[in-house]
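A short write-up of the structure that comes next.
Nothing in this text is a laboratory measurement; each read-out follows from the coordinates by a stated rule. All values reported here derive from a predicted model rather than from experimental measurement. Quick reminder, even Gly has a Cβ in these numbers, built from the backbone with ideal geometry, and neighbours come from all protein chains shown.
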Amino acid sequence: MTGPEPPEPPPDISPGSRYVAMGSSFAAGPGIGRRAPGSPRAAGRSSANYAHLVARRLALELDDVTFSGATTQDILAATAAGRPAQIDAVAPATKLVTLTGGGNDVGWAPRILLSSLPRPVRAIPPVRRQLDSYADPDLTEQRFGTLRENLLKIAAEVRRRAPESRLVFVDYLTVLPPDGTTPTGVLPAGVAEWGRAVARRLSGITRDVAAQSGSVFVAASAASANHHAWSATPWTRRFHLSLRGGAP
């Protein structure tokens, strides 16, 4: 018995085309299946993340440079730890580029994770200061402004480096219950509400930048709305202290 036929790729993305995947943990897929061969352990890069699935289905030559914890600045420039800019993987022969990122720029996933830690841990001064920083509305506005600028820079740089490529922005999977009535356990209700608002804004900015730059937008958030971490059929995980079955 055979599986379904692979979808037909766009005319300009034929089998064997070069595909570059960029982004943070939601693109890397830490804890989902086996680690991608040869990838740094710190990247949390899975051989079953969406980039690998797309590459296998469409028979593309994948260069996966996703890295857990990455910001859009890490895509544009080398990191302090010496990792090269993710954008450096884009070359003239590249035909497809995907990007899922921005959540770390505005503290979305970090605040949700830190707020789910036991109360004594959250009270540790460095953790408390970080949480207060993420909750600061003025800093949040500044971060969103920088994020929009960086996403536009990334789009422009992809076009410059690979004029014949197709750039696809993929927003984040839905993590939190969309309606706000489902209890979120150890995660405070106020943080959950903040997280929903930030997720909507992240998706909106990503969609706007895609439209402004002539790129494609894929709404993973909408596709996964009924599969949040508290649903009966979750596509994401609640807070837990391991990578087993996927990172929280």
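General observations
- Estimated purely from DSSP H runs of n ≥ 4, each contributing -39500 (n - 2.57), the mean residue ellipticity at 222 nm for the chain is -11500 deg cm²/dmol once divided by its residues.
- Fewest-first ordering of Glu157, Glu193 by other beta carbons within 10 Å of each residue's beta carbon gives Glu193, Glu157.
- Once backbone amide H atoms are built at 1.01 Å from N, Asp105 has Thr72 as its partners under 5 Å, excluding neighbours fewer than 5 places away on the same chain.
- Compared with the dominant Cα axis of the chain, that is its longest principal axis, helix 189-213 is turned about 20°.
- If you take the alpha carbon atoms of the chain and fit the smallest convex hull around them, that volume is 140 Å³ per residue.
- Computed FRET value (nearest 0.05) for Ala222 with Ser14, which takes r as the C-beta separation and R₀ as 25 Å: 0.30
- Summary value for segment 18-227: 21 percent relative contact order, contacts being C-alpha pairs under 8 angstrom separated by 6+ residues.
- Gain on full stretching of the segment that runs from Arg129 to Glu141 - 0.36 nm per residue minus C-alpha separation: 2.5 nm
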